[in-house]
Amino acid sequence: MKRHSALRRPHTPEDIARAASLFFSVRRLIRTELAKGKRVDPSTWVQMETMKFIAEHDQPKMKEVAAYLSITAPSATSLIRGLVKSGLVAHIADRRDRRASRLALTTRGKAKLSSAIAHGTALLGELFSTLSEEELAAFVGALERIKKKASA
């Protein structure tokens with residue numbers, strides 16, 4: 001049975017501070033585990049998330065990438081420029097608008113993303129193994145609710 005938000009007690013500042021602190025601690029742990037002690041450029045995370053977005057959406061436009069990442073158009077352009085220069089993403093001519101271009105992963109980009117996802121899934125699977133199936137489902141559900149509220 002779902003509890004109505006009006007019936008819940010408000011979170012205390014201590015509860016919120018603890019949740020935020022744990023969130024950032026786990027985030028740092030995940031980044032450390034995925035890097036396995038190597039110094040990782042934080043932009044690598046954004047690049048992989050960008051490539052994942054491009055792969056999951058049918059040739060998105062630059063403005064769709066910017067909106068997804070909540071960054072400015074010039075920042076998205078800079079990010080994509082680096083991925084294009086690395087041979088991971090390509091500009092595709094828009095069939096309906098000659099002035100516009102769309103984005104697609106190259107064969108090299110698909111391979112790099114697939115490898116990164118496999119590597120990340122294995123490491124995160126190990127970290128999340130401490131959770132039961134129900135706990136992981138609750139964790140994912142909580143993150144989805146937070147994301148939904150934040151983007152509303």
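The values are calculated or read from the model by the stated rules, or taken from the named source; none is laboratory data. Small disclaimer: the values here were computed from a predicted structure and weren't measured. Cβ: placed from backbone, ideal geometry, glycine included. Neighbour counts: every protein chain shown.
Computed values, structure above
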| quantity | calculated |
| --- | --- |
| In the stretch 56-70, the residues that are within 20 Å of residue 116 (Cβ to Cβ) and either crowded, with 16+ Cβ neighbours inside 10 Å or more than 17 Å from the chain's Cα centre (by Cα) (or both) | 60, 65, 68 |
| Residues of the stretch 85-109 classified as surrounded by 15 or more Cβ atoms within 10 Å (Cβ to Cβ) and part of a helix (DSSP H, G or I), total | 1 |
| Qualifying residue in the stretch 61-74 (condition: in contact (Cβ under 8 Å) with a residue 24 or more places away in the chain and in contact with a Gly (Cβ under 7 Å, 6 or more places away or on another chain)) | no |
| Residues of the stretch 1-18 satisfying the condition of being assigned to a helix (DSSP H, G or I), closer than 19 Å to residue 139 by Cα, hydrophobic (A, V, I, L, M, F, W, C) and at pLDDT below 90 | 16 |
| Some residue of the stretch 131-149 being closer than 20 Å to residue 46 by Cβ, touching a residue at least 12 places away in the same chain (Cβ under 8 Å) and basic (Lys, Arg) | no |
| Members of the stretch 93-122 that are among the hydrophobic types (A, V, I, L, M, F, W, C), over 19 Å from residue 68 (Cβ atoms) and under 16 Å from the mean Cα position of the chain (by Cα) | 118 |
